[in-house]
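I have placed the structure first, in the form of structure tokens, so that the comments after it can refer back to it.
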Amino acid sequence: MKLEFEKYLESQSFSEESMSIISEGIKCYKIGAYRASFLMSYYFFLKVLKDRLEQSRHAKPDTLDLSTWQGLLQKVNDDTVWDQTVFETTQWKLADGRSKIYLINNDLREDMVYWRRKRNDCAHSKDNIISYPHVESFWLFIQSNLNKFIVNGGREALLDKFKIHFDPKYTKPGLDYKYLIQPIPLVVGKRDIGELLKDIDEILEEKSSYYYIDNKKSVYYYFWNDISCSSNEDINKGFIDFITSSQELFIKFITVYPEKFLLCTSNTPLIREFWKEKFISREVKSSDAFWDLAITLLRNNIIDESEKNKFVRKLALAGQHHKLKKDHMEFLRSHGLFKCIKSYLFEGILFTQPFNGYNNANASRHFILFYLKNEPLDEVVVESLNSLFKGLAYGDFREAFIEFMKDNPEFVKSFIKIAENKGLNLASIFKEEERIEAVETTEATETTEL
């Protein structure tokens, strides 16, 4: 029966020399020679790192000067000191705590010191007991962390990996990209993550022929979602720095990830320009997040009280009302959205303008019906519609309104009652016999067209 560690080794691609070392370690483990097994496992780990250093000969880490790098490679190939040299490379660090050589954090550096001590216990026959749990624990360490000991070729090397991974010429589409995210805070300092993400965005956008994160089934959407929801705080902050670095980037990302909006509000000039000037732009208005963002702005008092009415009026006239959810409507009603719509449609001169009144009604038919479906009638609305239909004998709005009346008999009753109380002379479309005739005419027209 194969050990889990053996199955892991089969799924990887290690050199023949490395596999020879670990195979001997596994044989020792199976016969109970645990000190020998640990030693072979430890040297296997170092041999894999040695191979990676040699393979990165032409991808020098930015943290080392050329002479230091060349000297290191010479020592790595010296059989008398290679193991000590490779171990030391795991301990080299910069002033900010990042590794000079690998894409690892401080915890893994400390773990390597621990495993080095255990190696010494095995090699020098010290009194400390070494048994199978030590070997198995080290194997688990290898399985969990060996893929993190990647030689840090620097910022440009990581960007090259992004170019290769997301280019179908070199990489099969759909392969896991998460190995590219882990090195991000290790390749650059905390303050530079935002700039690195900007470069990554440019690479990914270049690989896509359309607005790539807007498609929520695309790998690009999931990639940026993993970035924005990363458990690494530095990546999270870097993402916010990145998307707030320009209005263009902010709109592009916040309309797809609106849940990140409140994390961006410390950038006051950007947020003010967004709601005051850019909110009804095509990119924002057409997004699925339009109403969620509007409500976030209002609910969290990001807009000054003195400017809220003007903002709500913009929402009333520019928003895609068919995307409004019930809870959206209740909240926006309390902020006067429907009052603004009523004022625009029924209290002004929209329908009474010479020559343009009827055209305006036809062009606004969906907007008018949206209001009528969600707000009760009153005298202002009744008088405006009654006046409009006295002269509107045909057109798209008339046909749509006839269908609406047919489906909403209570609306018609309410309309007639208010009109009678107001003493209005009803337009013929609201009189029962004319209304029935109009419905029959409309149905006959539809049948003929079919």
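Taking the range 94-104, which residues are touching a helix residue (DSSP H, G or I) at 6+ places or on another chain (Cβ under 7 Å) and either surrounded by fewer than 17 Cβ atoms within 10 Å (Cβ to Cβ) or on the phi > 0 side of the Ramachandran plot (or both)?
Passing the criteria: only Gly97.
Restricting attention to the range 249-258, does a residue exist that is free of Cβ contacts under 8 Å to residues at least 60 places away in the same chain, assigned to a loop (DSSP other than H, G, I, E, B), among the hydroxyl-bearing types (Ser, Thr, Tyr) and surrounded by fewer than 18 Cβ atoms within 10 Å (Cβ to Cβ)?
Taking every residue of the range 249-258 in turn, none turns out to be free of Cβ contacts under 8 Å to residues at least 60 places away in the same chain, assigned to a loop (DSSP other than H, G, I, E, B), among the hydroxyl-bearing types (Ser, Thr, Tyr) and surrounded by fewer than 18 Cβ atoms within 10 Å (Cβ to Cβ).
Report yes if some residue within the range 43-52 is modelled with pLDDT of 90 or more, basic (Lys, Arg) and surrounded by fewer than 16 Cβ atoms within 10 Å (Cβ to Cβ); otherwise report no.
No, the range 43-52 contains no residue that is modelled with pLDDT of 90 or more, basic (Lys, Arg) and surrounded by fewer than 16 Cβ atoms within 10 Å (Cβ to Cβ).
So, Lys75, is that one surrounded by 14 or more Cβ atoms within 10 Å (Cβ to Cβ), assigned to a helix (DSSP H, G or I), over 40 Å from the mean Cα position of the chain (by Cα) and without any contact (Cβ under 8 Å) to a residue 12 or more places away in the chain or not?
yes
Answer yes or no as to whether Ile235 is crowded, with 19+ Cβ neighbours inside 10 Å, in contact (Cβ under 8 Å) with a residue 40 or more places away in the chain and closer than 30 Å to Asp96 by Cα.
yes
Taking the range 105-152, which residues are buried (at least 16 other Cβ atoms within 10 Å of the Cβ), part of a loop (DSSP other than H, G, I, E, B) and at pLDDT 85 or above?
Ile130, Phe149
Step by step: first the residues of the range 315-329, then only those that are surrounded by fewer than 16 Cβ atoms within 10 Å (Cβ to Cβ) and part of a helix (DSSP H, G or I), then the one that is farthest from the chain's Cα centre (by Cα). Which residue is that?
Leu317
Restricting the range 261-300 to residues that are polar (S, T, N, Q) and assigned to a helix (DSSP H, G or I), which is nearest to the chain's Cα centre (by Cα)? Walk me through it before giving the result.
First, pick out the residues of the range 261-300 that are polar (S, T, N, Q): 265-268, 281, 286-287, 296, 300.
From what's left, assigned to a helix (DSSP H, G or I): 268, 296.
Working: Thr268: 22, Thr296: 18 Å.
The extreme case among them is Thr296.
Just to check your reading of the model, which residue among Asp214, Asp288, Asp234, Asp292 is acidic (Asp, Glu) and within 30 Å of Lys169 (Cα to Cα)?
Asp214
Looking only at the range 194-203, decide whether some residue is at pLDDT 85 or above, closer than 20 Å to Asp160 by Cα and of a type in the set (Lys, Arg). Can you show your working first?
First pass over the range 194-203, keeping only residues at pLDDT 85 or above: 194-203.
Now restrict to residues that are closer than 20 Å to Asp160 by Cα: 194-203.
Within this subset, residues satisfying the condition of being of a type in the set (Lys, Arg) are 198.
There is at least one residue in the range 194-203 that is at pLDDT 85 or above, closer than 20 Å to Asp160 by Cα and of a type in the set (Lys, Arg).
Please determine, by comparing only the residues of the range 384-426 that are of a type in the set (Gly, Ala, Ser) and farther than 19 Å from Gln353 by Cα, which one is surrounded by the most Cβ atoms within 10 Å (Cβ to Cβ).
So the residue we want is Ala419.
Assess whether Thr90 counts as being closer than 14 Å to Ile150 by Cβ, within 44 Å of the chain's Cα centre (by Cα) and not small (Gly, Ala, Ser).
Against the criterion (closer than 14 Å to Ile150 by Cβ, within 44 Å of the chain's Cα centre (by Cα) and not small (Gly, Ala, Ser)), Thr90 qualifies.
Mind counting the residues in the range 226-246 that are within 19 Å of Asp292 (Cβ to Cβ), outside any loop (DSSP other than H, G, I, E, B) and of a type in the set (S, T, N, Q)?
Total satisfying the criteria: 1.
Which condition from (1) out of contact with any Lys or Arg (no Cβ under 9 Å at 6 or more places or on another chain); (2) of a type in the set (S, T, N, Q); (3) modelled with pLDDT of 90 or more is the one that Thr89 breaks?
Tallying (1) out of contact with any Lys or Arg (no Cβ under 9 Å at 6 or more places or on another chain); (2) of a type in the set (S, T, N, Q); (3) modelled with pLDDT of 90 or more, Thr89 fails exactly one: (1).
Where residues in the range 340-371 are out of contact with any helix residue (DSSP H, G or I) (no Cβ under 7 Å at 6 or more places or on another chain) and aliphatic (A, V, I, L, M), which of them is surrounded by the most Cβ atoms within 10 Å (Cβ to Cβ)?
It comes out as Ala363.
Return yes or no: is Lys47 among the basic types (Lys, Arg) and free of Cβ contacts under 8 Å to residues at least 24 places away in the same chain?
Against the criterion (among the basic types (Lys, Arg) and free of Cβ contacts under 8 Å to residues at least 24 places away in the same chain), Lys47 does not qualify.
In the list Gln74, Gln143, Gln91, Gln70, which residue meets the criterion of being assigned by TED's automatic domain parsing to the domain that holds Tyr34 and under 30 Å from Lys27 (Cα atoms)?
Values: Gln74 fails: under 30 Å from Lys27 (Cα atoms); Gln91 fails: under 30 Å from Lys27 (Cα atoms); Gln70 fails: under 30 Å from Lys27 (Cα atoms).
It is Gln143.
Quick one: would you say Ile26 is under 24 Å from Pro133 (Cβ atoms), in the same structural domain as Tyr132 (by TED's automatic domain parsing), more than 39 Å from the chain's Cα centre (by Cα) and crowded, with 16+ Cβ neighbours inside 10 Å?
Against the criterion (under 24 Å from Pro133 (Cβ atoms), in the same structural domain as Tyr132 (by TED's automatic domain parsing), more than 39 Å from the chain's Cα centre (by Cα) and crowded, with 16+ Cβ neighbours inside 10 Å), Ile26 qualifies.
The values are calculated or read from the model by the stated rules, or taken from the named source; none is laboratory data. Please read all numbers here as calculations on a predicted model, not as lab measurements. Methodologically, a virtual Cβ is constructed for each residue, glycine included, from the backbone with ideal geometry; neighbour enumeration extends over all protein chains shown.
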